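Only one structure is covered here, and it is reproduced in the block below.
The values are calculated or read from the model by the stated rules, or taken from the named source; none is laboratory data. Given the structure is predicted, the values throughout are model-derived calculations rather than measurements. Counting neighbours? That spans all protein chains shown, and the Cβs are built from the backbone with ideal geometry, glycine included. These accessible areas exclude ligands, DNA and RNA; they are computed on the full protein's heavy atoms, side chains included. Shrake-Rupley method; radii C 1.70, N 1.55, O 1.52, S 1.80 Å.
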Amino acid sequence: MAIYKCNNTQCEMYDQIQPPGDYCPYCGEPLIEYRMDEPTPSPQPQSYTQPQSYPPPPSYPPPQSYPPPPSHQSYPPPPSLSSLKLCLVHSSGKRFYINGDSSQNNTFYIGRHSSEGLSPDIDLTEIPYANKISRNHAYVFWNSQTQQYTITDDGSRNGTFLNDKSLTAKRPYLLNNGDKLELAKEHLVQFAIEIYQE
């Protein structure tokens with residue numbers, strides 16, 4: 001298993017876990033890949049010299065005991081931070097929901113189901129012009145630390161466009177409420193991005 005981190009010390013996401021890709025979506029610098037399954041070298045034992053002997057410390061009378069402090073009123077724990085929801089609103093009005101977990105990172109794949117019956121998280125097989133969409137077209141990444149969504153083109157055949165700008169494959173781009181997302185060309189498959197908190 002691999003994780004990706006930004007190595008740019010000037011970036012606000014320096015040394016933070018990033019979505020899979022080649023570049024940091026915040027500063028554009030190349031991401032560094034770390035393999036989680038690589039063994040960590042064990043430290044070599046350090047040799048020490050024999051410590052100097054000292055006389056035992058003087059004995060003191062036991063400390064005076066005091067009554068326990070009065071109990072304070074207990075308060076319920078603060079509510080957990082709720083995560084942001086993301087909705088892809090198709091031009092036909094059909095809505096596709098993504099719910100990021102507030103406690104961990106999540107990846108949601110967008111595309112069409114395969115002949116083997118495997119379906120992505122966001123299955124667009126039934127929308128108009130679905131044949132323009134690759135089976136593994138793109139994926140949305142939820143960063144639980146920054147509470148932000150990014151989208152990455154997964155090497156699709158006809159490309160991905162955000163606010164009319166073509167996305168470089170395998171590079172994450174930040175999603176904002178009100179953005180316009182287009183899968184494939186000719187403006188045939190379009191979505192409005194809604195990001196909100198319940």
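Determine which single condition C6 fails, assuming it passes every other condition in (1) under 22 Å from D154 (Cα atoms); (2) open to solvent by 80 Å² or more (accessible area, probe 1.4 Å); (3) modelled with pLDDT of 70 or more; (4) not aromatic (F, W, Y).
Condition not satisfied by C6: (2).
Find the residue count for segment 119-165, including only residues that are under 20 Å from R95 (Cα atoms) and touching a helix residue (DSSP H, G or I) at 6+ places or on another chain (Cβ under 7 Å).
Counting residues in segment 119-165 that are under 20 Å from R95 (Cα atoms) and touching a helix residue (DSSP H, G or I) at 6+ places or on another chain (Cβ under 7 Å) gives 1.
Please indicate, with yes or no, whether at least one residue in segment 36-44 is on the phi < 0 side of the Ramachandran plot and either at pLDDT 80 or above or under 18 Å from the mean Cα position of the chain (by Cα) (or both).
Taking every residue of segment 36-44 in turn, at least one turns out to be on the phi < 0 side of the Ramachandran plot and either at pLDDT 80 or above or under 18 Å from the mean Cα position of the chain (by Cα) (or both).
Where in segment 125-198 are the strands (runs of 3 or more DSSP E), entirely inside, with at least 3 residues that are in contact with a strand residue (DSSP E or B) (Cβ under 6 Å, 6 or more places away or on another chain) and surrounded by fewer than 16 Cβ atoms within 10 Å (Cβ to Cβ)?
On the way: elements: 138-143, 148-153, 160-162, 180-183, 190-197.
Per the criteria, 190-197.
Tell me which residues, restricted to segment 79-124, are of a type in the set (G, A, S), within 25 Å of A169 (Cα to Cα) and open to solvent by 40 Å² or more (accessible area, probe 1.4 Å).
Matches in segment 79-124: S91, S115, S119.
Looking at S115, S83 in this structure, which one is among the small types (G, A, S), at pLDDT below 95 and closer than 23 Å to Y14 by Cα?
Just one listed residue meets the conditions, S83.
Out of N177, N136, which single residue is at pLDDT below 95 and either out of contact with any Leu (no Cβ under 7 Å at 6 or more places or on another chain) or among the acidic types (D, E) (or both)?
After applying the criteria, what remains is N136.
Name the pairs whose Cβ atoms lie under 6 Å apart, with the first residue in segment 85-108 and touching a residue at least 24 places away in the same chain (Cβ under 8 Å) and assigned to a strand (DSSP E or B), the second open to solvent by 30 Å² or more (accessible area, probe 1.4 Å) and small (G, A, S), and 6 or more positions between them or separate chains?
Matching pairs, first to second residue: V89/A192.
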